[in-house]
Amino acid sequence: MPEVDYSIDCFGSGPALEALERTMADLLGKEKAVFVHKGMMGQLSVLKHYAELSGFNKIALHSCSHIEQDEGLAYKKVMGLVPHFYGDKTSPFTALDITALPSDLAAVSVELPTRHAGFLLPSWSCLVQLKQHCREHGHFIHIDGARLLESAAYWNKEYSEVAAIGDSVYVSLYKTLGGMAGGIIAGDRELIESILPWKTRLAGDIYTVFPYVLSALQGIKEHLPNIPIYCQRAKALATALSKHFGRHVIPYPVQTNAFIFEFLESKECVEKASIRYAQKHNVWLFDRVIHDNFGCRVEIQIGNAINEWSDEQVIDAFEEIIFLARSYRLNCSSLITAGNPIV
């Protein structure tokens, strides 16, 4: 790629890095963007900045949000921010959640989609209502849009229209875009310049991020045009799985390129079955097997790897996983360890 011949960036400055930041700012319709090696660091910087601007240290979070569930409560332990939780664990926020927001908020963080609630998205009318409410009450809106690019097609909106709901937005570069790591924080120039000191304080000034930048630029060229195709394939695959196995797909219908499949067997049995499947076929099917209050689940996130699979092949793979998991539950693992295949 031509950018490989650019000068390597150094502590946040360099032609390839600046090209990436301009590209993403334009894509999201924002004045300026900055690369962050970790979305967690970038989003904490934004939320802390809003707290300083507003004089309040309270932020609104969905109870299943990534910021609440996966970051060791850094917003609280490191930044001294206090949460107000909105939205149900099995759904995105509603109009009633918006009207119930307290007045002493620094900002509302909106995760699009809410991964731990099943990759769910709110209605567009709710997003518009939230924007109007926050304008009237002086609250900032930050969009945790790690998967914003994968969400826009659900509302039939441009990326910039979705990003315009927020005063700031985070987008991941390493999920569907396939970059090595990192993401983008975008907003107006004043916001980006104001959070840079927090980027430094949170160890975000890396000597060079050149490999991350190159892989992100390549991902934008290769994957960005195909994201709507990935979303359509996810819907088609989810429909095929539902017709074959019944209502094991969440959400249904699928809203982005990602969904959850529920197994009736235990997490332990599904994990063992996945390992056996990998040993037999040299294919690792699931990123992880999750057990929560709702049962045993796996996440399906559609990208270009699905091009090698037909829906029928995926169904066959799931059939085999279910058969293996059931066999483990019935104490049939001895057949496998003895070298006698049961499939």
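The values are calculated or read from the model by the stated rules, or taken from the named source; none is laboratory data. Quick caveat: nothing in here was measured; it's all calculated off a predicted structure. Cβ placement follows ideal geometry from the backbone for every residue including glycine, while neighbour counts extend to all protein chains displayed. Protein only, heavy atoms only, side chains kept; ligands, DNA and RNA dropped before computing areas. Shrake-Rupley method; radii C 1.70, N 1.55, O 1.52, S 1.80 Å.
At 222 nm, what helix-only mean residue ellipticity would the chain give, in deg cm²/dmol to the nearest 500, using -39500 (n - 2.57) for each DSSP H run of four or more? Let's see the in-between values first.
Details: 14 runs with 154 residues, N = 343.
Result for the chain: -13500 deg cm²/dmol, rounded to the nearest 500.
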Inset, instruction - Apply the Karplus parameterisation 6.51 cos²θ - 1.76 cosθ + 1.60, with θ equal to phi minus 60°, to every residue of the range 76-92 and state each ³J(HN,Hα) to the nearest whole Hz, in sequence, with x for glycine and proline. - result: 8, 6, 9, 9, x, 8, 10, x, 10, 8, 9, x, 7, 5, 10, 7, x
Inset, instruction - Under 1.5 on a/c is rounded, so check that first for the range 166-233, then, if it is not, pick prolate when a/b is larger than b/c and oblate when it is not; a ≥ b ≥ c are the square roots of the alpha carbon gyration tensor eigenvalues. - result: oblate
Inset, instruction - Could you order K89, K243 by accessible surface area, starting with the largest, using a probe radius of 1.4 Å? - result: K243, K89
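So between Q279 and R135, what do we pick up on full extension, going 0.36 nm a residue minus the alpha carbon distance? List each step's numbers first, then the result.
Values: separation 144, 0.36 × 144 = 51.84 nm, distance 5.51 nm.
My answer for the length gained is 46.3 nm.
Looking at the square roots a ≥ b ≥ c of the eigenvalues of the Cα gyration tensor of the chain, which shape do they give, rounded for a/c under 1.5, prolate if a/b is larger than b/c, or oblate? Show your work: numbers first, answer last.
On the way: a/c = 1.97, a/b = 1.50, b/c = 1.31.
Prolate shape, in that a/c is at least 1.5 and a/b is the bigger ratio.
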Legend entry - Residue pairs, from the table K221/K243; K77/K175; K131/K235; K48/K89; K48/K131, whose Cα atoms sit over 31 Å apart: K221/K243
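Rounded to the nearest 0.05, what FRET efficiency is calculated for T200 and L330 with R0 set to 41 Å and r the Cβ-Cβ distance? It would help to have the intermediate numbers written out before the result.
Working: r = 57 Å, r/R0 = 1.39.
Taking R0 as 41 Å, the efficiency between T200 and L330 is 0.10.
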Legend entry - Gained length - F323 relative to E222, 0.36 nm times residue gap less alpha-carbon distance: 32.7 nm
Legend entry - Solvent exposure of the chain as accessible area per residue, Å², 1.4 Å probe: 45 Å²
Legend entry - Hypothetical label at N304: residues of the range 139-175 whose amide nitrogen lies under 13 Å (7 Å Cα-Cβ projection): none
Legend entry - Mean Cβ neighbour count within 10 Å, used as a protection proxy, ranking 170-179, 111-120 highest first: 111-120, 170-179
Inset, instruction - For the range 198-323, just run the numbers: alpha carbon Rg, then divide by 2.2 N^0.38 Å, N being how many residues it has. - result: 1.28
Inset, instruction - Compute the long axis of helix 124-137 from its Cα atoms, compare it with the longest principal axis of the Cα atoms of the chain, and write down the angle in degrees, 0 to 90, nearest 10. - result: 30 degrees
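Carbon-plus-sulfur fraction of the accessible area of the chain, 1.4 Å probe, in percent? Don't jump to the answer; show the numbers that get you there.
Details: 8010 of 15460 Å².
Roughly 52 percent, rounded to a whole number.
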Legend entry - Tilt relative to the chain, helix 39-54 - C-alpha long axis, 0 to 90 degrees, to 10: 40 degrees
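What FRET efficiency, computed as 1/(1 + (r/R0)^6) with R0 = 41 Å and r the Cβ-Cβ distance, is obtained for M1 and E52, rounded to the nearest 0.05? Each step should come with its number before you reach the end.
Details: r = 40 Å, r/R0 = 0.97.
So the FRET efficiency works out to roughly 0.55.
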Legend entry - Extension reserve of the V128-E193 stretch, reckoned as 0.36 nm per residue once the Cα distance is removed: 20.7 nm
Inset, instruction - Assuming 1.306 mPa s and 10 °C, estimate D for the range 1-61 with Stokes-Einstein, Rh taken as the Kirkwood radius over Cα pairs, in µm²/s. - result: 116 µm²/s
Legend entry - Spatially proximal lysines relative to K280 (Cα-Cα < 18 Å; intrachain offsets below 8 disregarded): K272
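Based on alpha-carbon positions alone, could you give the equivalent ellipsoid semi-axes of the range 241-286 from the gyration tensor, as √(5λ), descending, whole Å? If you can, show how the numbers build up before the last one.
Details: eigenvalues 104, 34, 18 Å².
Square roots of five times the eigenvalues give 23, 13, 10 Å.
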